Structure formats: C-alpha cells, structure tokens
Amino acid sequence: MRSSVLGSRLLFICDAAVALASSGIATASAPLTTTLNITVEDLWNLYIGPVETASINTTVEPTPIPSAELIPPPQLYYPSYLSGAQIPGQGKNESWSLPAGFWWGVSSASYQVEGAVKVDGRGPSLWDAFTHRAMSVADNQTGDVTINEYYMYKQDIQRIAAMGVKAYSFSIAWSRIFPFGNGPINEAGLKHYDDVIETCLQYGVQPQVTMYHWDLPLYIQLSYGGWTNEKIVDDFVAYTRVLLERWGNKVAQWYTFNEPISFCGEYPVPDGYFTRTTDIPDVQQPFWCGHYMLLAAGKTYQLARSMNITVPISIKNNGGYKLPRTSSDEDTEAVQRAWAFNEGWFADPLFLGDYPSRLKNFTSSFLPEFTAEERNMIKGASDYFAHDAYTAAYYMAPDVGIEGCLADANNSLYPKCYNSTYTLPASEGGWLIGPASDPNTRWLHKATEWLPAFLHYIQDTWTPANGIVITEFGMTEPFEAYKTKREDILTDPLRSAYYRDYVQAMLMAIQEGVTLVGCLAWSIADNLEWTAGFTVKFGLQYVNLTTQERYYKASFFELANLFQAYMRDSE
Ligand code: NOJ
C-alpha cells in the first residue's frame, strides 16, 4: 500500500563483467545493463528478504517506575575519605566541579535500537543489507527488532528522565523520511520523530539529533554508489533541509554526521551484493566518501544558518588517545600519522581549513583541492569539537618502517603506514594499556587516565572556539552476554569503574583549563553493536530481548550520582 503512495524509482542494473566475445566477433568488453521500475517493497524483497517483526507493535505508553527500581546498588568503592558526600555512596572531591550549563546525556542510533524496519514506509538501508546478507554478523543477528525503540521510546525517555538525564541523543533514519533516499517524502516517518522529540521535551530531556548514523538508504547505494558519488551531497542536503524545516531550533543540538572515519571505512562495500557503480580504486574510496561528507556537512551547516537556526551543529568525530609505543623517532612519527589519518582527516578541514599534510601527500593525486568557497564553507561547520572518545592505544611504525610501507602500495597498512597495539613491548613488561573490555570489542580498554591529556591535545591542536563535547564514551562489561541471572547482569563493576574514573578525568581536565561543555554516554540501553550483534553490551540498562523489559544497571547509578555530585546547578 505505502509503496504505491510513495511511488517507485528506476534502478539501473548493470553487469560490468560480461564480455560479448562468445560469438567469435571481436567486440570490446561491454556491460549489459537494463533498468527496473522498483517500489520500496521490491527493494525489501529483492535485496533484503524476509524480516522479523516484534510482538509489541504499537507505541507503549509509559507506566510509573516502581520506586524500588530507583534504589542505588550497594557501594562499589570504599573511599579513604567521606567528607562532603552529597548522596549515599558518592564521595566528592570538593575542589572539582562541572561548569555552569554543563549537560550530560545518553545516546543511541536508529538502526541499533529502533527495529520496526519495514513499518510505516521505511525503506531499506545499507545496514539492512549488511546484516541480512553482505556481512558476517555475530550469531546472524540483525536490527529487525533489536530493542524495539520505535514503539518503546516513550517509556525509555521516561526512564532516563527518572535518572536525572539531561539530554537524549538519537539519530534519524534517513530512509524513514525518504524511503529511496531521494524523491518522495514519507510523512509517517516525520510524524514518528515529531513524537520522539515532543516526548523528550515533555520530560525535560534535551533532544539531540544525529542526521546520519550510517544507515544510508539502500537505493542511493544501488543507484549511484552512495558516498563514492558526488550526487550524494545534494541528496543529503535535500534530506537535512526537511529535518531542519520541521524541527530547526526545537532540537537542542544537531550532529550532521556520526563517525565518518567508520562509515567511510565501509567502502568499498562487499563485492557481489550491490550494483557496481564506480571504478574508483578500493584504496581511494574512503577518501572520496570523506570528501563528499565534508561538502555535505558544510552545505547543511550553511543552510541551517540561512534558515535562522541558531542551535549548535557539529560533526561527531572519533578516535582514541595515541601514545608512541617506544620513544623512537619512527614511533613518534607513527603517532603523528595516526592523528592525521584519524581525527585530523576531518578535524583539520573543519577547524584549520584543509586536510593534514600527511594525508594530503596521499590524496592529492586523486582528490580535488577544496576551492576557496568550499574551504570557507567547511571551516567552522562544526560548532563543537564533538568527539567519541572511548579509549587509548600505543602506536608504532610498521615492521618495514614508515618509508618502506609508503613505497609499497601492497603493504596491508598502506597508505596510513602506522600500526597500533594495546600492549607495551615485552622489554617494558608487556602490559595492557588498561583493563580489557569484552573480547568482542578488542579495540576498547579502560584507559581513562589518558583522557585529560587527550582533551588537552584536542584543545591545543584544533583550538575549537566553543569547546569540546564528548559525544560518546562507554564500556562493554566482559562476557556480559553470557550472564543469565538478572542481578549478575545488573552488577557491572568494570563499566561502573570506567564511568567513575572517566568523569573524574573530565573533572581534572576542566580544572586544568579544558573547555568541556557536555558529554553523552553510550548507550541508553543494550542494543545491536553492528557486526558484533548482541554479543557485546554497551547499555546503561539491560534489555531482556524476549520480553523487551528494561532494567537499570549499577553503572547507571554510578554515572547519575557523579553528575548529581559535581553539577554546579545542583549545588
Ligand atoms: C561508535 C558508534 O557511533 C556507535 O554506533 C557504536 O555502537 C559505539 N561507538 C560503540 O562501538
């Protein structure tokens, strides 16, 4: 029904590999192509296949939270001093405080939490195709149902408000608004987010919205190769115009993009599942993606300002603190290359006006220079230095040396030509940088003691005029998915320690002069961790995936208590 309302699009289908030589006539190898008139339903059927549906499939109205659920757990730490405790179990260092106006919140992303993937006209996204077909996901899990946030948002917003959370950062699924990514608009999708935003406001929780958290409308990938094609810039801006017209200043903060380093790293998309649309060499594709992302972010930012939208607009960048593994010159240079190919890839154009030179040495042979107009449009298109800053790692030169790697395009580390690890050399004890998280999140260690240095580095290098916001931080409790008893799951000491030490590290950095404006913990509740599926848990709340019941974990109390103790507003 809905697909007829939304109409259909032409899809160009191409078999680039077919040669016409079998007749013996000497023809050049030519692609066989055709076009199809395709509906949203066809896209689902042809590219995704059957999807799971949830048993709860109407919006759940919140019921009062039993007061017993809000009782904090027994104290995890036994401080050597107890002076000035504001609340039971939370010692306080009187010389620290969070600046006035500081906000904290919890976050999520559409594909990871919503479920209801075919409901109300949503078109499939790249991630529906990844989880169902094109990528190996732990236990073959998908986002078809996940934590059913599409129907549970009222209850979830009520639950975080009850814990004193000030902000909820969620993302909008582009393919709920434009099922094909471009073309017809789906009013039902807009109405859904109308209500999510209104519910936040009703509970006194600031809505913070990410416009793009990786769930590219599949049609855009199929028809022209998504982020590898310049056409996406205008399609993205047409989409964001709709969001800005609808919600503009009602949203407390906009984030145009989440972690471009990550989603640009999805290119080239796996062979054999998507129409072939580009002859850009594999190694270049992420950098074209990044280039178009910056142009799209810059245009959206300018558009918003031309519409008198005054709330902060930022890009969520990501990466951990980088330490040289040894004091050698090569490892020191490896760290510089790592900053350039990670944070600097986007932070340099956004805050300094162009790509870092170490990155440009590679990209200048194929990427166009930004024009002066583009440069001006992109510089300043992130009000805050918004960073997903979870952890830290050691960096070092490749075994063949940096020069050796740069001279060999077949080296697996090319073109970045640095390596990283979480352990010190055996000669220095071989210790981990910090306690390991779940084995299925190998990249994540509790290395909170490096956060002040990290924040100083950001502030000194990119001098963001409005300061820094930490847009994600969080921890997976090792082996949590194996736990079967609810009380075992809810008692999460590593995550609690991580949040405690992380917030204390934030306080230290603030006291040392870092302008930190706010932070968002990942995540509101256990959800689909991309290809790790539900085998790892980042939630501040446990979700029983069978009953869809939510329960606060001990770490949520830890985090809420810290903010209650240190927020100046509450003193
Ligand atoms: C980065 C991403 O933005 C989010 O989607 C992911 O789940 C978390 N960090 C944890 O990996």
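The values are calculated or read from the model by the stated rules, or taken from the named source; none is laboratory data. Keep in mind it's a predicted model, so treat the numbers as computed, not measured. Because the Cβ atoms are built from the backbone with ideal geometry, glycine has one as well, and the counts that use them run over all protein chains shown. Calculation scope for accessible area: heavy atoms of the full protein, side chains included, ligands and nucleic acids excluded. Shrake-Rupley method; radii C 1.70, N 1.55, O 1.52, S 1.80 Å.
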Karplus-derived 3J(HN,Hα), 6.51/-1.76/1.60, for each residue of segment 146-163, Hz, glycine and proline x: 6, 9, 6, 4, 4, 10, 9, 4, 5, 5, 5, 5, 4, 5, 6, 4, 5, 8
For peptides 476-487, 168-179, 205-216, sequence by mean Cβ density within 10 Å, most packed first: 168-179, 205-216, 476-487
Cβ-Cβ FRET estimate between E373 and T421, R0 fixed at 45 Å, reported to 0.05: 0.60
Largest-first principal axis extents of the Cα set of the chain (Å): 89, 61, 49
For the chain: relative contact order, % (alpha-carbon pairs under 8 angstrom, 6 or more apart): 15 percent
Peptides ranked, highest mean first, by Cβ atoms within 10 Å: ranges 102-110, 488-496: 102-110, 488-496
Spread of Cα-to-Cα distances over 5 Å intervals beginning at zero, given as percent, for segment 260-395: 2, 9, 17, 20, 18, 15, 11, 6, 2, 1, 0
Rounded to 5, percent antiparallel among DSSP beta bridges of the chain: 35 percent
When each of K231/K360; K92/K537; K322/K379; K191/K553 is checked by Cα-Cα distance, pairs over 27 Å: K92/K537; K191/K553
For the chain, calculated [θ]222 nm from helices alone, where every DSSP H run of n ≥ 4 adds -39500 (n - 2.57): -10000 deg cm²/dmol
For segment 426-565: rounded, prolate or oblate by the Cα gyration tensor [a/c cutoff 1.5]: prolate
Segment 330-433: C-alpha pair distances exceeding 23 Å, %: 39 percent
Carbon/sulfur fraction of accessible area - segment 37-570, other protein chains in place, 1.4 Å, %: 50 percent
Prolate/oblate/rounded call for segment 197-351, Cα gyration tensor, a/c under 1.5 rounded: oblate
Cut-off 14 Å between beta-carbons: net charge of the residues surrounding R246, Lys and Arg +1, Asp and Glu -1: -1
Highest average packing first - 231-241, 321-331, 48-58, 421-431, Cβ atoms within 10 Å: 231-241, 321-331, 48-58, 421-431
Heavy-atom accessible area per residue - the chain, 1.4 Å, Å²: 39 Å²
Calculated from backbone phi, Karplus (6.51, -1.76, 1.60) coupling profile of segment 331-337 in Hz, x at Gly/Pro: 6, 5, 5, 4, 4, 5, 5
Under-5 Å amide H pairs with S169, H placed in peptide plane, nonlocal only: V106, S107, S108, Q208
Unit charges on C-beta of K, R, D, E only; dipole of segment 37-570, Debye: 840 debye
